[in-house]
Amino acid sequence: MAAASVSVQAIVLLAVAAVASAQLSATFYDSSCPRALGTIRSAVTAALGGPPYTVLLGRRDSTTASLSQANSDLPPPGSSLASLISGFARKGLTTTDMVALSGAHTVGQAQCANFRSRLYGESNLNQSDAAALRANCPQSGGNGNLAPMDLETPNTFDGAFFRGLLSQRGVLHSDQQLFSGGSTDALVQSYASNAAQFRNDFAAAMVRMGSVGVLTGSQGQIRLSCSSVN
Ligand code: HEM
Ligand SMILES: *[C@@H]1O[C@H](CO)[C@@H](O)[C@H](O)[C@H]1NC(C)=O
């Protein structure tokens, strides 16, 4: 009986240990790979002017991949405001999260194929930008030609992306949807004039987005190649 009770305790302890190791933590790699976090932090700091936030570590890669799920769960650039709001809500993210996270488009570029229909079919596009954008994104061909999504300061993490929306300078249809007479206009106006509010909301939303659908421990794997399962 004594032996049986010890094994039950051992099993309980093992189970607790398994659960504990299968949780995200900011210190997940501190003993197994002590230089990881510092190395990542200095590379990210050198590359991005975005606000700092604590990233919980230890997430695994998926053991499956699905083109159809990626296409159904990731909002396309032709999305309406209503679909952007509902798509983020399905992942437990608020409308404020969605608007703040869209502010990531203060850096980076989009391919012509992703904004062509806006250039040639929409009237709420700033006419001082339209000619230059069309010159680099013809009605046919040039699908991969790039334009920055923040036309004012494309390489700086700031509020200029939101100020651009106030002047109809959104390159993606989905971005301009955030300021086109709907429920998110007021928040865009706020972020356009209050960079600290944007940075603060962005950091909080990145943490929440980072907890969507997390796999830990044996639920996932560490892929040898990021783009395919082992
Ligand atoms: C709100 C829904 C979103 C839509 C519809 C959307 C759509 C797009 C599209 C179409 C591009 C251009 C890709 C290309 O042409 O190759 C893009 C680029 C980008 N997106 Fe988003 N996005 C969304 C949300 C986000 C979020 C939440 C983040 C991160 C917080 C993000 C970060 C970026 C970045 C950094 C780029 C530039 C990539 C580069 O220059 O290589 N986007 N997005
Ligand atoms: C178009 O953008 C310019 C800045 O490039 C701005 O001065 C102008 O007001 C914008 N036009 C509209 C209709 O918002």
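Taking residue 119 as meeting all but one of (1) surrounded by fewer than 16 Cβ atoms within 10 Å (Cβ to Cβ); (2) of a type in the set (A, V, I, L, M); (3) without any contact (Cβ under 8 Å) to a residue 24 or more places away in the chain, write down the number of the exception.
For residue 119, the failing item is (1).
Got a sec? Which of 68, 123, 83 is within 16 Å of ligand 2 (Cβ to nearest atom), more than 18 Å from residue 206 (Cα to Cα) and either of a type outside the set (Asp, Glu) or part of a helix (DSSP H, G or I) (or both)?
Unique residue meeting the criteria: 123.
Restricting to the stretch 99-115, and then to whatever is touching a residue at least 60 places away in the same chain (Cβ under 8 Å) and under 24 Å from residue 197 (Cβ atoms), can you tell me which residue is nearest to ligand 2 (Cβ to nearest atom)?
Out of the qualifying residues, it is 105.
Kindly indicate the residue of the stretch 132-157 that is part of a loop (DSSP other than H, G, I, E, B) and crowded, with 19+ Cβ neighbours inside 10 Å and also farthest from ligand 1 (Cβ to nearest atom) among those meeting that condition.
151
In the list 154, 138, which residue meets the criterion of being at pLDDT 95 or above and either within 28 Å of residue 46 (Cβ to Cβ) or charged (D, E, K, R) (or both)?
154
Looking at the stretch 134-185 only, could you name the residues that are in contact with an Asp or Glu (Cβ under 9 Å, 6 or more places away or on another chain) and β-branched (Val, Ile, Thr)?
Within the stretch 134-185, 156, 171 qualify.
If residue 152 passes every condition in (1) under 21 Å from residue 49 (Cα atoms); (2) away from ligand 2 (no atom under 14 Å from the Cβ) but one, which one does it miss?
(2)
Looking only at residues that are of a type in the set (Val, Ile, Thr) and closer than 20 Å to residue 62 by Cβ in the stretch 176-226, which one is nearest to the chain's Cα centre (by Cα)?
The extreme case among them is 212.
Starting from residues that are more than 15 Å from residue 201 (Cα to Cα) and surrounded by fewer than 17 Cβ atoms within 10 Å (Cβ to Cβ), keep the ones in the stretch 89-116 and report whichever is farthest from the chain's Cα centre (by Cα).
Result: 113.
Only one residue in 140, 79 is at negative phi, free of Cβ contacts under 8 Å to residues at least 12 places away in the same chain and of a type in the set (Gly, Ala, Ser). Which one?
140
Looking at (1) modelled with pLDDT under 95; (2) exposed (fewer than 15 other Cβ atoms within 10 Å of the Cβ); (3) within 14 Å of the chain's Cα centre (by Cα), which is the one condition that is false for residue 50?
Status for residue 50: all satisfied but (2).
Just the residues that are among the hydroxyl-bearing types (Ser, Thr, Tyr) and crowded, with 20+ Cβ neighbours inside 10 Å, please, taken from the stretch 165-191.
Once the filter is applied, which keeps residues that are among the hydroxyl-bearing types (Ser, Thr, Tyr) and crowded, with 20+ Cβ neighbours inside 10 Å, the stretch 165-191 yields 174, 184, 191.
The values are calculated or read from the model by the stated rules, or taken from the named source; none is laboratory data. Bear in mind that the values here come from a model prediction, so they are computed numbers and not experimental data. Cβ: placed from backbone, ideal geometry, glycine included. Neighbour counts: every protein chain shown.
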